[in-house]
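The values are calculated or read from the model by the stated rules, or taken from the named source; none is laboratory data. What you are looking at is a predicted structure, and each value in this text was computed from that prediction instead of being measured. Ideal geometry is used to build each Cβ from the backbone, glycine not excepted, and the neighbour counts take in all protein chains shown.
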Amino acid sequence: MRHRLWGTLEAIATKHTMRLLLAAATLLPVASAVGTTVDLGYSKYEGITVPRGISQWLGIRFAAPPVGELRFAPPQDPEHTAAVQPADKYGPACLATGANPDDKDTSEDCLFLDVQAPTNASAHAKLPVFVYIQGGGFNVNSNTKINASGLIAASDHGIVVVSFNYRVGPYGFLSNGNGANADAVKPNNGLRDQLKVLQWVQDHIAKFGGDPGHVVIGGSSAGAESVALHLTGNHTGASGLFHGAIAESPSFATMLTVEEAAYQYKQLATRLGCVVSNSLACLRNKTAAELQANNFNIPLPGASEAPEYMYLPTIDGALVPDYTYRLLKQQKFIRVPTIFGDDSNGGTRFAPRNTSTLAQSNTYMLNQYPFTSLEQLAEANELYPNPNATCPNEGCYWRQLSNVYGEARYMCPARAFTQALSRAGVSNTFAYRWNVEDPEQVAEGLGVPHTVELSALWGAEYTPKPPKSYEKGGVNERASPVMQCYWVSFIKSLDPSAGNRCVGDGTVRWAPWTSRRQNRLVFQTGGKTQMEPFGQALNTRCDFWAKYGVGQRHLKRDDIPPEVPFGRAGREGSAVPDLAPCDTALEQPLIFYNTDLSEPQSLSEPDRRLVGRAGAPFHAHQPEAAALTRVHAVAEQQAAGPRPDAPALRLREHVQQADVCASVFRIGVGQGHHAGQGPRGTMLRVGEDRKGEHAFIRVAPRQDELVDKLFGRGIRTA
């Protein structure tokens, strides 16, 4: 009886509880999925649903049509529309260099983006966002119709993907070098298009279920170089627009200043009959067909033939503040978690297969990088001996040139960024090498060519013409889910091995790059992975490209001067930026030979061409700190190569390292009026040559005690 009563009470209580729960459910708000119609404020867009639980909004305008007065201008906000706009097909690609203007898949009106998201995502889901920047050498849009269904499904429907078009060729990267003049062309508009998209994501992605506070940018080839430029373009405020970055084969092409690139504008205006007082207005009045008929590559300054790609980002002091290698050395970049990597044979698709001689190989490289000196080219030839002893199917130097070009343009720049970010304290910095061999590509001699991994990133069934081995049943079928696992993990958590979810049969944990363990993940044939050291031989070659990045115009020539033997004066130049002056002290005295410089040189950051260590050549890797560990400067006339009358400063005696690190010293040659006290510090005259010029040292302001301590003897001040 007792048990029966208890059961009755329990049943009554259960019914009462259920009624309460149902009543409460009617009062609580339900997080409904985002509908196919999304209101962006300026327009409403009607998207579509596709298989695998994915919604797509294709062809969304993120900027006004860049035509008429907006040709060669920064992107402007899109116009408001009252009617709901269909978003069921991709927008046309931007006009490419050398392309037919009648192609219906391309248009000058091309600034569209695509959003792809899980169908069940709510407006409050705050899913991580992956913004992908397509490649194409900044001269063509190479991946305009990205289908992200495979990647989103691999994320367990946990990410949102944005892809887009940006202007290329002259439409996106023309400059006339006119600065702030009324007829100036704003440089780097293609990069401005990209930034416009990143700002659009901040403003609107939440309406699709994305989190504007968790955005990872990524790209391949020129898209990866765009990622790199946004990382180093930290003067633009881009740091708030993304929180992680993936760069697949960043492309370091020749980098010109806006003034140097003005020859492209002049040539284009001349071909179009716009040699008039207002050439810009004339160019804007031309039809797209007229412009396209004259839109082709011409040689870079000093080159004999046109490069692979001519229109490129230029140094404008803002979006691209300086040479890339210089910015890396100065640690002027946004510090976010990153993945950088490349394919094993990045140069095979570009190097001409009929390259038969070393002279032809050198000519090709000079056409891509015409600022490379012959000495630098000779050193590159020593580092890259020809591996093709027999060559029945191609030119005997094709493989050698492929290796040179692939490492100079893609692999070593990726390593430079990884190394710089790690040294700057970014712990989640990862490197990789894609070494998945497709039998047909190997048989062609291509090895593992440039950007082949994109078929794995998006999935073979969503990629036009993927390698057959990547398709279902192929030997590399597993390559796609393996790559997607690491990429999704990074997009979600900024760590490709979070929770070891990608570790399994033949795959390993992806360890970060550190100064002690310079390791990268290798993607192998069959979907396997392993960690490998970067390797001393490859490090040596990449050090060479970093040292002579000037040839690629990613470093200013004076930043990395050639070695000069002791006893010879260097040529004119400027100081090396941002080198630590307090790392190491050398025991041997140094001699600084002054040349006729318009600006004084820094002793803490000297021009290495002016420095010789007693009895031996001065090598680039030796610390510039050595100069500051020798105190007593004695003026003496000494033969110094090209300038036998150049005064020399012999620094002999040792001082405390702490004193050295506390000050800034500058050295140079100038007239006597430079000596004495001034707002920039104390100038100390150190002798006079036969032309009446003086060697001098400048010491930072408010360092009078150190001046007396270091230079109290044997130095006369003005």
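The figures follow:
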{"item": "Test for Asn141: is it crowded, with 23+ Cβ neighbours inside 10 Å, touching a residue at least 12 places away in the same chain (Cβ under 8 Å) and closer than 26 Å to Glu290 by Cβ", "result": "yes"}
{"item": "Qualifying residue in segment 369-387 (condition: surrounded by fewer than 20 Cβ atoms within 10 Å (Cβ to Cβ) and of a type in the set (Val, Ile, Thr))", "result": "no"}
{"item": "Considering residues of segment 263-280 that are modelled with pLDDT under 95 and of a type in the set (Gly, Ala, Ser) only, the residue surrounded by the most Cβ atoms within 10 Å (Cβ to Cβ)", "result": "Ser279"}
{"item": "Within segment 68-88, tally of residues that are of a type outside the set (Gly, Ala, Ser), part of a loop (DSSP other than H, G, I, E, B), surrounded by 12 or more Cβ atoms within 10 Å (Cβ to Cβ) and free of Cβ contacts under 8 Å to residues at least 60 places away in the same chain", "result": "5"}
{"item": "Any hit, segment 474-486, residues being at pLDDT 95 or above, of a type in the set (A, V, I, L, M), farther than 26 Å from Thr429 by Cβ and not assigned by TED's automatic domain parsing to the domain that holds Gly218", "result": "yes"}
{"item": "Selection count where residues are surrounded by fewer than 20 Cβ atoms within 10 Å (Cβ to Cβ) and either under 15 Å from Cys542 (Cβ atoms) or touching a helix residue (DSSP H, G or I) at 6+ places or on another chain (Cβ under 6 Å) (or both), scope segment 319-331", "result": "1"}
{"item": "Test for Phe130: is it within 27 Å of the chain's Cα centre (by Cα) and either of a type in the set (Phe, Trp, Tyr) or on the phi > 0 side of the Ramachandran plot (or both)", "result": "yes"}
{"item": "Residues that are in a loop (DSSP other than H, G, I, E, B) and polar (S, T, N, Q), drawn from segment 89-117", "result": "Thr97, Asn100"}
{"item": "From Thr270, Thr372, residue being without any contact (Cβ under 8 Å) to a residue 60 or more places away in the chain and of a type in the set (Val, Ile, Thr)", "result": "Thr270"}
{"item": "Options Ser142, Ser221, Ser175; residue that is at positive phi and in contact with a Ser or Thr (Cβ under 8 Å, 6 or more places away or on another chain)", "result": "Ser221"}
{"item": "Qualifying residue in segment 525-540 (condition: β-branched (Val, Ile, Thr), without any contact (Cβ under 8 Å) to a residue 24 or more places away in the chain and either touching a Cys at 6+ places or on another chain (Cβ under 6 Å) or surrounded by 15 or more Cβ atoms within 10 Å (Cβ to Cβ) (or both))", "result": "no"}
{"item": "Residue that is in a loop (DSSP other than H, G, I, E, B) and either touching a residue at least 40 places away in the same chain (Cβ under 8 Å) or buried (at least 24 other Cβ atoms within 10 Å of the Cβ) (or both), where the choices are Gly190, Gly135, Gly172, Gly150", "result": "Gly135"}
{"item": "Counted residues, segment 504-524 - those being loosely packed, with under 14 Cβ neighbours inside 10 Å and either touching a Phe, Trp or Tyr at 6+ places or on another chain (Cβ under 9 Å) or closer than 23 Å to Arg415 by Cβ (or both)", "result": "5"}
{"item": "Neighbours by Cβ (under 6 Å, 6+ apart or cross-chain): first from segment 208-235, farther than 13 Å from Leu198 by Cα; second among the charged types (D, E, K, R) and at pLDDT 95 or above", "result": "Ser220/Glu248; Ala224/Glu248"}
{"item": "Test: residue in segment 503-521 that is within 25 Å of Pro467 (Cα to Cα), in contact (Cβ under 8 Å) with a residue 60 or more places away in the chain and not in a helix (DSSP H, G or I)", "result": "yes"}
{"item": "Looking only at segment 332-368, and only at residues there that are closer than 26 Å to Asn428 by Cα and of a type in the set (Ser, Thr, Tyr), the one that is surrounded by the fewest Cβ atoms within 10 Å (Cβ to Cβ)", "result": "Ser344"}
{"item": "Enumeration of residues in segment 93-126 that are touching a residue at least 60 places away in the same chain (Cβ under 8 Å) and within 27 Å of Pro250 (Cβ to Cβ)", "result": "Ala93, Cys94, Leu95, Ala96, Thr97, Gly98, Ala99, Leu111, Leu113, Val115, Gln116"}
{"item": "Residue count, segment 460-492 (criterion: farther than 18 Å from His157 by Cβ, in a helix (DSSP H, G or I) and of a type in the set (A, V, I, L, M))", "result": "4"}
{"item": "Qualifying residue in segment 184-198 (condition: in contact with an Asp or Glu (Cβ under 8 Å, 6 or more places away or on another chain) and not aliphatic (A, V, I, L, M))", "result": "yes"}
{"item": "Condition check for Tyr369: farther than 18 Å from Thr254 by Cβ and either of a type in the set (D, E, K, R) or modelled with pLDDT of 90 or more (or both)", "result": "no"}
